[in-house]
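Here is the structure we will look at, set down as structure tokens.
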Amino acid sequence: MKFFSIFGSRQKALGLGLTLMTTLGGCAELGLQSVGTRFDDDMRPPLSTPSTNTGLALRELPPSSKKIDVAIYKYEDKTGQNEESDNFTRFSRAVSQGMSDVLIDVLTEVGDGEWFNVIERANIQDLLTERQLIDQTNQNYRGLQQSALPPLRFAGIIISGGVIDYDTNVVTGGVGARLLGIGNSFEYRRDRISVVLRAVSVQT
């Protein structure tokens, strides 16, 4: 009985191996092995947003003699304006909701990164909670009575503000001709966004 049970397990292992070889062979025939690799025909290089003239001018500024420590807490949309639509209601916001991240990226690129030390404070509570967890773990399991973390870097200037106004259809126009709803037409419209950017000294 012992001989036949071992022989049976060997047959099962052999059958499983043949099944895997057949499956891998089918994947090779279908070309699935190249999916996600540089040999994949559907792979395309990532596209990056081109820099604006203002962005290029900020990046080409001469380096500062001393970097300035600036903190970014929240730079957000304060209008609550939804995206405009003539046919149906849209619940997407009219302006980007990641403006704090954009502002941080812009400040880190000013003068090729030689102007500001950007200190992110948008998620300050998460940072403080994580530091507290580390201190409690070190105290309970390593017997450390003092924090092993370095003190938080503080900033001399706080950058604040946001989008305060959004006006739609400031300029509209178009050309075209239609007969019974059939024809060519071209229309355009322009929206206007008002933003505020303040630099507040921590000594005030």
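A cut-off under 13 angstrom between Cβ atoms defines the neighbours of Gln125, and their net charge, with Lys, Arg +1 and Asp, Glu -1, is 0. Among Glu60, Glu109, Glu114, the order by Cβ neighbours within 10 angstrom, fewest to most, reads Glu60, Glu114, Glu109. All other residues whose Cβ lies under 13 angstrom from that of Asp69 are scored, Lys and Arg at +1 and Asp and Glu at -1, for a net of +3.
For Asn117, the residues 5 or more places off, or on other chains, whose built amide H falls under 5 Å of its own are Ile68, Asp69, Val70. Between Ser65 and Ser147, the contour length at 0.36 nm per residue exceeds the alpha carbon distance by 26.1 nm.
Here, each number is a calculation from the coordinates, and none is a lab measurement. Please read all numbers here as calculations on a predicted model, not as lab measurements. Every residue, glycine among them, receives a Cβ derived from its backbone with ideal geometry; neighbour counts consider all protein chains shown.
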